[in-house]
1. If a residue counts only when it is in contact with an Asp or Glu (Cβ under 6 Å, 6 or more places away or on another chain), which strands (runs of 3 or more DSSP E) contained entirely in segment 182-259 have at least 2 such residues?
2. Looking only at segment 94-117, filter to residues that are within 16 Å of ligand 3 (Cβ to nearest atom) and modelled with pLDDT of 95 or more; which one of those is surrounded by the fewest Cβ atoms within 10 Å (Cβ to Cβ)?
3. Considering only residues that are assigned to a loop (DSSP other than H, G, I, E, B) and touching a Leu at 6+ places or on another chain (Cβ under 9 Å), which ones fall in segment 328-337?
4. Only one residue in 68, 79, 89 is within 16 Å of ligand 3 (Cβ to nearest atom) and surrounded by 21 or more Cβ atoms within 10 Å (Cβ to Cβ). Which one?
5. Would you tally the residues in segment 299-327 being within 16 Å of ligand 1 (Cβ to nearest atom), among the acidic types (Asp, Glu) and either outside any loop (DSSP other than H, G, I, E, B) or in contact with a Gly (Cβ under 6 Å, 6 or more places away or on another chain) (or both)?
6. When you go through 77, 62 one by one, which is the residue that is farther than 20 Å from residue 208 by Cα and either within 16 Å of ligand 2 (Cβ to nearest atom) or at pLDDT 95 or above (or both)?
Amino acid sequence: MALLQRAQRSTGTADDPAAPSSPGHEGADDGITVVAPGPLVSVDDLHVTFRRNGEDVRALRGVSLEISRGEILGIVGESGSGKSVLGLSMLGLLPTNPTPTLEGHVLVEGVDMIRAAAGDRRRVRRDHLGAVFQDPMTSLNPTMRVGRQISEVAGSSDEALRLLDAVGVPEPKRRLRAYPHELSGGLRQRVMIALAIAGEPSLVIADEPSTALDVTVQAQILELLRHLCDELSCSFVLVTHDLGVAAQISDRIAVLYGGRVAEVGVAADVLERPSHPYTIGLIQSIPSVERRGRLVPIPGSPPDLAALGKGCPFAPRCALAAAECLAGDVPLVAVGPDHWSRCLRVDHLAELRG
Ligand SMILES: Nc1ncnc2c1ncn2[C@@H]1O[C@H](COP(=O)(O)OP(=O)(O)OP(=O)(O)O)[C@@H](O)[C@H]1O
Ligand code: SF4
Ligand SMILES: [Mg+2]
C-alpha cells in the first residue's frame, strides 16, 4: 500500500495489549535471567473525566498502552476522541481548570505523570520529554529572542546554533537573534522542535505538529521529526487526526474512538488489515491515488462523551452494528500478533474492506 513508508519497520510482538512490542524479560543461556529495560511509557487503565456544565465528560475511558524505547507511535482519531488528553497525561500537563477526575497510571521512566508531585513531573519533563504543539506560540516566549530560549535548555549559544542548523533553519546565526513573531509559521515550528530536542529527550510528544502548515512544509516537518528521533534514538508520539500522516512515519498506530483504544497494532498491520470498522472508515477517507479520488467519509458524528450509553460507541455510525453491539462493554481482543481491536464483529469486516 502506498501509505506505508516507515510502517514496515516493525518493533516486535507481544501477547498482551498492555505490552505491545516492548522488550521484556529474556532468559539467558546460563540460566541467569537478564531483565531488559522496560517500556519507556506505560499507560495503565487511564480514565480522565472532566466536570463541565454539570455533566461528566469522559475524555478517556480505560486506555492502556505501552511505548518502547526508540518507537514511533501514531495516536489517531477524530476531534474529541481524547488524543490530546492522552498526550498531556504523558507530559504531566493535564488542565487544572477544571481539574479532571483521574483513575489509572501513566508511568514515564517509572514516574506516574498524573499522580507524582509537580516537582517530580517537572524533572521528568526536563530530563526525558520534549513537546511540540500545533501552535508554536503556546511554547515560545514572544518577548525573548529564540537563541536565548534554546540556549537556556541546551546550555550554550553554540549548542543553540547547532540545534537551529540541525532543524533546518536557514541562516541560523542571524535567526538566533530573532523574536518568534519575526519568523514564518514553518520556521517557528522548527524552533519549537529545536527546543523540544535541546534536552536530548528520550520521548518527544508532538500534537498535530504540522496541521497548521501548508502541505509541503507539513511533509518537511514530519520528516524532520522522524529523522531527529532516529538520530537521538528517542521515542516519538505523533498525535494526529490524519491516519495518512501517521502512516508515513509510525511503527505502531493506536486508533482512539470515544476515549478508548478502538484498534492498536504495528502500523503495517493496521493499514493493510484494519480490524475495526472505524479504522476502515478512516482509511477510506484518506485521499489516495489507488482509489482515484473516491473518498468515502464516515457518516454521522463523534459520540457525545457526556452521554455515552451501554455498548459500542461507534454503533450509530457502523454498517455492521447488530443487537449484540449494544448489549454491554466491548473488550479489546487480539486479532493477530501485537494487533488488537475493540469490535465484536471482526469476522464480518470483509464486507466493509471492499
Ligand atoms: N480542559 C477541559 N475541560 C473540559 N473538557 C475538556 C478539557 N480538555 C478536553 N476536554 C474534553 O475531552 C474530550 C477529549 O478532548 P481532546 O482535546 O483530547 O480531543 P482531541 O482528540 O485532541 O481532539 P482534537 O482533534 O479536536 O484536538 C473532548 O470532549 C473535550 O471537550
Ligand atoms: S462492535 Fe459492533 S457497532 Fe462496534 S464497531 Fe464492531 S460491529 Fe460496529
Ligand atoms: Mg487535540
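The values are calculated or read from the model by the stated rules, or taken from the named source; none is laboratory data. All values reported here derive from a predicted model rather than from experimental measurement. No Cβ is skipped: glycine too gets one built from the backbone with ideal geometry, and neighbour counts run over all protein chains shown.
1. 235-240
2. My answer is 94.
3. Once the filter is applied, which keeps residues that are assigned to a loop (DSSP other than H, G, I, E, B) and touching a Leu at 6+ places or on another chain (Cβ under 9 Å), segment 328-337 yields 330, 331.
4. Just one listed residue meets the conditions, 89.
5. 0
6. Details: 77 fails: farther than 20 Å from residue 208 by Cα.
Within the list 77, 62, the selection yields 62.
For (1) surrounded by 15 or more Cβ atoms within 10 Å (Cβ to Cβ); (2) in contact with a Pro (Cβ under 7 Å, 6 or more places away or on another chain); (3) aliphatic (A, V, I, L, M), each residue gets a yes or a no:
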| position | (1), (2), (3) |
| --- | --- |
| 144 | no, no, yes |
| 160 | yes, no, yes |
| 164 | yes, yes, yes |
| 178 | yes, no, yes |
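Matching residues to (1) within 16 Å of ligand 3 (Cβ to nearest atom); (2) surrounded by 12 or more Cβ atoms within 10 Å (Cβ to Cβ); (3) within 26 Å of residue 73 (Cα to Cα):
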| site | (1), (2), (3) |
| --- | --- |
| 297 | no, no, yes |
| 307 | no, no, no |
| 316 | no, yes, no |
| 319 | no, no, no |
| 324 | no, yes, no |
| 327 | no, yes, no |
| 344 | no, yes, yes |
